[in-house]
Amino acid sequence: MADRVTVIGWDGSPLTAAARSALGAATLVAGAAHHLALPEIPPGAERVRLGSLGLAARRIAGHRGTAVVLADGDPGFFGVVRTLRAPEHGLEVEVVPAVSAVAAAFARAGMPWDDAQVVVAHPRTLRRAVNVCRAHSKVAVLTSPGAGPAELALLLDGVHRTFVICEELGTDRERVTVLTSDKAADHSWRDPNVVIVIGGGGQVEATAEPGWLLGQGPLPPAPRGWARPRPGAAGPVGEGESAPLRAAQLARLGPRTGDLVWDIGAGSGALAVDAAAFGAAVIAVDADPRACEDVAAAARGRGLQLQVVHGRAPHVLENLPEPDVVRVGGGGAEVVAAVADRRPERIVSHASTRDEAEAIGRTLTEHGYAVECALLQSVGLDTRTWTEQERSVVFLLAAQRPASR
């Protein structure tokens with residue numbers, strides 16, 4: 001095993017005394033090509049080009065001598081330190097940090113970043129990174145080949161954002177470009193790069209009020225809880241709009257950061273807004289233009305991001321990006337079938353009659369989903385007189401795609 005492993009972060013600035021000392025004593029140096037060209041590396045040291053981190057870690061673990069690993073930015077921030085410290089390698093490391101690429105990118109943009117979401121985009125995680133960009137108004141994306149600015153822009157089709165693209169930070173080829181997301185796919189971008197994705201008008205830009213939690217900007221105050229009764233709602237509650245049903249549907253859906261939620265037949269937007277408050281990206285669909293306006297207003301009132309699509313399902317669903325979970329608030333078995341064809345992980349719907357519930361359940365089963373159904377009855381009471389205000393009786397259907405499908 002290596003006698004000593006030092007991980008050195010490099011942000012383009014001159015190496016610190018501690019970094020130079022560690023490099024001077026190294027018998028093995030691992031890093032990217034531009035790291036291995038540094039003049040401070042001893043001529044007799046073994047040089048390992050970092051490709052697969054796992055393979056490099058095994059090679060370092062088997063080295064007899066002093067090893068140094070060079071990495072861009074802060075190696076403890078989505079960097080190599082986690083891999084090197086994995087139990088299977090048994091390495092204890094010392095870290096000489098540098099400014100992270102995310103901190104450098106926001107510094108070049110002259111923006112605070114304690115209210116930003118930070119995601120890593122690989123080809124396998126690109127869709128989830130895009131969903132975070134849909135759901136939040138300030139996101140830093142650490143990109144990789146095949147999951148860069150152009151790919152981000154293509155998957156954000158229909159959602160307007162501003163990109164600040166920072167290429168090769170800390171080098172003499174550094175370049176910072178600001179453009180709208182619809183233009184980013186028309187260019188070729190150099191690696192490595194960081195993309196700051198901003199806009200959408202949801203969260204408020206940083207104010208004099210200091211924050212206290214990374215990734216959370218100043219949000220308008222909102223009551224605690226979710227699936228609350230609609231404030232100021234007059235008259236009977238529409239089908240699918242009761243607070244208990246929404247609570248049950250949200251519990252079955254389990255929306256979370258990185259997910260894309262479809263809310264079909266969004267109505268007042270109460271469920272769509274709650275799903276967005278959990279950190280998920282949301283597309284709310286409704287055939288009624290007034291309902292679309294209500295959904296957009298509800299999102300603005302909560303300081304949340306979501307996309308509203310006016311149109312009638314199932315036809316309007318054809319060009320929407322792939323969902324993770326879907327609430328079908330209207331349209332019956334036909335719409336449920338169209339949704340199931342897109343293979344989301346979970347689908348919830350409801351029905352007012354047993355015949356309709358059986359039709360929806362049969363459709364989901366035929367598409368390979370495991371289906372559960374419950375008859376929900378709720379009665380709202382006026383606590384001043386303890387008299388009945390409203391009654392709701394509905395069948396709740398929840399379906400989950402088997403893991404193997």
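The values are calculated or read from the model by the stated rules, or taken from the named source; none is laboratory data. This one's a predicted model, so the numbers in the text were calculated from it and none came from an experiment. Cβ placement follows ideal geometry from the backbone for every residue including glycine, while neighbour counts extend to all protein chains displayed. Accessible surface areas use protein heavy atoms only, side chains included; no ligands, DNA or RNA. Shrake-Rupley method; radii C 1.70, N 1.55, O 1.52, S 1.80 Å.
Each label was represented as a point 7 Å from its Cα along the Cα-to-Cβ direction; for residue 257 and residue 175 these points are 3.2 nm apart.
At full extension, residue 124 and residue 3 could sit 40.0 nm farther apart than now, given 0.36 nm per residue minus the alpha carbon distance.
Mean projected area of the Cα convex hull of segment 257-316, taken over all directions, amounts to 3.4 nm².
Modelled spin-label separation between residue 391 and residue 354, with each label point placed 7 Å from Cα along the Cα-to-Cβ direction: 1.8 nm.
Roughly speaking, what is the stretch gain from residue 59 to residue 190, that is 0.36 nm per residue apart minus the C-alpha to C-alpha distance, in nm to one decimal? Provide the component values of the computation, followed by the final result.
Numbers: separation 131, 0.36 × 131 = 47.16 nm, distance 2.93 nm.
Gain on stretching residue 59 to residue 190: 44.2 nm.
Working ranking of peptides 380-391, 307-318 by packing, defined as the average number of other Cβ atoms within 10 Å per residue, highest first, is 307-318, 380-391.
Of the candidates 272, 359, 227, which one comes out as most mobile in a Gaussian network treatment of the chain with C-alpha springs shorter than 10 Å? Judging by the Gaussian network model, the answer is 359. Convex hull volume of the C-alpha atoms in segment 1-149, normalised per residue: 125 Å³. Net charge of the neighbourhood of residue 178, taken over other residues with C-beta under 12 Å away and scored Lys/Arg +1, Asp/Glu -1, is +4.
Computed from Cα atoms, the angle from the helix 126-135 axis to the main principal axis of the chain rounds to 60 degrees.
A 1.4 Å probe run over the protein chains yields, for the chain, 49 Å² of accessible area per residue, whole-number rounding. Taking amide H atoms as placed 1.01 Å from N in the peptide plane, the amide H of residue 147 has no partner under 5 Å among residues 5 or more positions away or on other chains. Given a 1.4 Å probe and the protein chains as shown, residue 127 ends up with an accessible area of around 90 Å². Over the C-alpha trace of the chain, radius of gyration and Dmax come out as 25.8, 88 angstrom.
What FRET efficiency, computed as 1/(1 + (r/R0)^6) with R0 = 25 Å and r the Cβ-Cβ distance, is obtained for residue 86 and residue 49, rounded to the nearest 0.05?
0.80
Note on residue 370 and residue 310: with the Förster distance fixed at 25 Å, the Cβ-Cβ geometry gives a FRET efficiency of about 0.15. Taking 0.36 nm per residue of separation and subtracting the current Cα-Cα distance, fully stretching the chain between residue 13 and residue 94 would add 27.2 nm.
With a 1.4 Å probe and all protein chains left in place, how much of the accessible area of the chain comes from carbon and sulfur atoms, in whole percent?
On the way: 10400 of 19770 Å².
C and S atoms contribute 53 percent here.
Over the chain, DSSP H runs of length four or greater, each weighted -39,500 (n - 2.57), average out per residue to a 222 nm ellipticity of -7500 deg cm²/dmol.
I want the local charge near residue 50. Using Cβ-Cβ distances under 11 Å, sum +1 for each Lys or Arg and -1 for each Asp or Glu among the other residues. The partial results should precede the final answer.
Working: positive: 47, 49, 59; negative: 72.
Net charge in that neighbourhood comes out at +2.
Cβ neighbours within 10 Å, averaged per peptide: list 32-40, 288-296 in order, most packed at the top.
Working: 32-40: 13.3, 288-296: 16.3.
With the highest mean Cβ count within 10 Å placed first, the list reads 288-296, 32-40.
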